[in-house]
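This report concerns only the one structure given below.
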Amino acid sequence: MENRLLQDYLQDYFPGIEIYGQERIFGGDINMAASLKTNSGQVFIKWNDNSRFLGMFEAEFKGLTLLKSHSPTIRIPKPLHVGKINGISFLLMEFINDGQGKSNFWKNFAEGLSSLHKNRQENFGLDHNNYIGSLPQSNTMHKKFEDFFISERLEPQVKLAYDRYLVGSAEKNEISQIYRRYAVDVPRETASLIHGDLWSGNYMADNQGNACIFDPAVYYGHRESDLAMTKLFGSFSPEFYTYYHEFYPLEKGWENRADLFNLYPLLVHLNLFGKSYLSSVMRTVKKYL
């Protein structure tokens, strides 16, 4: 992202802003990112070709805003602006320096997440669609969790995998056979506001030692989805789960249900990264058949 072009564009929204330089940040799979040095301090920017992921940054702006307005203790980067320049879409947000977690990091993190999950609504879903990674995520509302999770989470990913020849007819049929388990096994709860993609790469400790979460795929869902996701690619500290249960008790057996929820992100990874994830998907399916 060229500094002078960006600075001229931003004058209409942040009068007097000056950009002194930028430093690229690497590690993401989807977008390019950098920290910008400005006369108002450091800010974070990520960008991509506007034609690739339509509405991605607008949806992320909304998601961060929603989380920030309902999360008094977990730090959420403040979204500042979303825009387009010469075919490039970008999202500008608060820059947060990373640090080391305080001695009570996991307790505070668990308390903050439980507080976020206590924001409820009647239906599962959201008033707008968004993305998980680089894949569109439909948030059409449903009254029942199982209807939402099957129709808006599992079935679109299974269809995409089938269309891409990543699963065959037999595997597609096996996956559909466990759909009934969502009505039978998952406890009834009112829909909670959740992060939606809470794996170990989407949280950090800031320079004050407090928990910070980012890169959300926000919607009102079953809160066990967030807890399950924390165990998918490197579990959080055992302290986290102990404290969460104290602040907002979970129904017995939630850890045994985690793979039911994690079938969705595994299907997402199958569609994003290919057949190396198929064995994990089918192992999960066979566990519940």
- Computed over region 136-289, the relative contact order (Cα-Cα under 8 Å, seq sep at least six) in percent reads 26
- Which parts of region 219-238 would a label at residue 256 reach, counting a residue when its backbone N lies under 18 Å from a point 7 Å out along Cα-to-Cβ? 224-225, 228
- Item | the chain - mean residue ellipticity at 222 nm from DSSP helices (-39,500 (n - 2.57) per run, n ≥ 4, rounded to 500) | -11000 deg cm²/dmol
- Task: Just add up the charged neighbours of residue 22: K/R +1, D/E -1, any other residue whose Cβ is under 10 Å from the Cβ of residue 22.
- Result: 0
- Message: If the only charges are +1 at each Lys and Arg Cβ and -1 at each Asp and Glu Cβ, what is the size of the charge dipole of region 44-120 around the Cα centre, to the nearest 20 debye?
- Response: 240
- Item | Residue-by-residue Karplus 3J(HN,Hα) for region 224-235, coefficients 6.51, -1.76, 1.60, Hz, glycine and proline x | 5, 4, 5, 5, 4, 4, 5, 9, 6, 10, x, 5
- Note on the structure: TM-like helix rule applied to the chain (DSSP H, alpha carbon span at least 24 Å on the long axis, mean Kyte-Doolittle at least 0.0) gives 254-273
- Which of the lysines could a cross-linker bridge to residue 144, judged by Cα under 27 Å and excluding same-chain residues fewer than eight apart? 62, 68, 118, 159, 172, 231, 252, 286, 287
- Query: Extension gain residue 32-residue 164, at 0.36 nm per residue separation less the Cα-Cα distance, in nm?
  - Reply: 44.9 nm
- Task: Rounded, prolate or oblate: pick one for region 1-51, where a ≥ b ≥ c are the square roots of the eigenvalues of its C-alpha gyration tensor, a/c under 1.5 means rounded, and failing that, prolate if a/b is larger than b/c, else oblate.
- Result: oblate
- Item | Stretchable slack from residue 81 to residue 12, in nm (0.36 nm times residue separation minus alpha-carbon distance) | 23.7 nm
- Task: Match the structure shown to one of the listed values [x] 0.94; [y] 1.24; [z] 0.98 of Rg/Rh (Cα atoms, Kirkwood Rh), computed from it, and give that label.
- Result: [z]
- Message: Going Cα to Cα from residue 102, which aspartates and glutamates come in below 16 Å? Please leave out same-chain ones fewer than 8 positions away.
- Response: 111, 206, 239
- Message: Suppose we flag trypsin sites (Lys or Arg not before Pro) only when DSSP calls them loop and at most 16 other Cβ atoms lie within 10 Å. Which is the longest uninterrupted stretch of the chain?
- Response: 189-251
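Each reported figure results from applying straightforward, stated rules to the coordinates on display, with no laboratory input. Every value quoted in this text rests on a predicted model; they were computed, and no experiment measured them. When we count neighbours, we look across all protein chains shown, and the Cβ atoms used for this are built from the backbone with ideal geometry, even at glycine.
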